[in-house]
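What follows is a short report on a single structure.
Readers should treat all values here as calculations from the given coordinates under stated rules, not as data from a laboratory. Worth saying up front: this structure is predicted, and the values here are computed from it rather than measured. Virtual Cβ from ideal backbone geometry, glycine too; neighbours counted across all protein chains shown.
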Amino acid sequence: MKQFTDQSTATRTEKAKRVLRSLANGHDYRYFHGDGYPRHNDLQQDAAATLEVLEQLTKPANADVTVSRECPECGSAETEWHCAQTTNSGVVDGRLRMHDVSTVFYLGCNHCSETIRTVSGDDVAQWMNTAANA
Ligand SMILES: [Zn+2]
């Protein structure tokens, strides 16, 4: 992970905003020497760190459901997404309460039954929000 030249305790997102604000402001000479020449190393370091923050912010957590749907086990393209309820509460079936149960989506192979990906319902919702706002 690229570090910002800003060593304060501000969040990485805040530091990224500061970098862009500074560059957008014609009267902010943080990245320039007294002679007007830019401090290339600082500029490059902060630009790289800012880019990382932006990439992280725009990446749907774990729910990129658009990845290759080919089965890595048998190579079959016959794969399908399914939805199921799951629990890791340790409570036996029949005694479960609503909060013991969560939704997962999984990509399964119809040919060899391999489970290729498992994605939580929350991650799918986040992916849909990101896709809708893109
Ligand atoms: Zn397969």
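For Glu14 and Asn110, what is the calculated FRET efficiency with R₀ set at 41 Å and r taken between the beta-carbons, to the nearest 0.05?
Values: r = 47 Å, r/R0 = 1.16.
Using R0 = 41 Å, I get an efficiency of 0.30.
Taking the Cβ of Val101 as the centre, find all other residues whose Cβ is under 12 Å away and add up their charges (Lys, Arg: +1; Asp, Glu: -1). Spell out each step's value before the answer.
Values: positive: Arg95, Arg97; negative: Asp93, Asp100.
Charge balance in the 12 Å sphere: 0.
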field: When the convex hull of its Cα atoms is projected in every direction, mean area for the chain (nm²)
entry: 13.5
field: Per-residue HN-Hα couplings for region 78-94 [Karplus 6.51, -1.76, 1.60; θ = phi - 60°; Hz; x = Gly/Pro]
entry: 7, 10, 9, 7, 10, 10, 8, 9, 9, 9, 10, 7, x, 7, 5, 4, x
message: What does the extension gain come out to for Lys2 and Glu55, with contour length at 0.36 nm per residue minus their alpha carbon separation?
response: 17.8 nm
Rounded to 10°, Cα long-axis angle of helix 121-133 versus longest principal axis of the chain: 50
Angle in degrees between helix 12-24 and the longest Cα principal axis of the chain, rounded to the nearest 10: 40
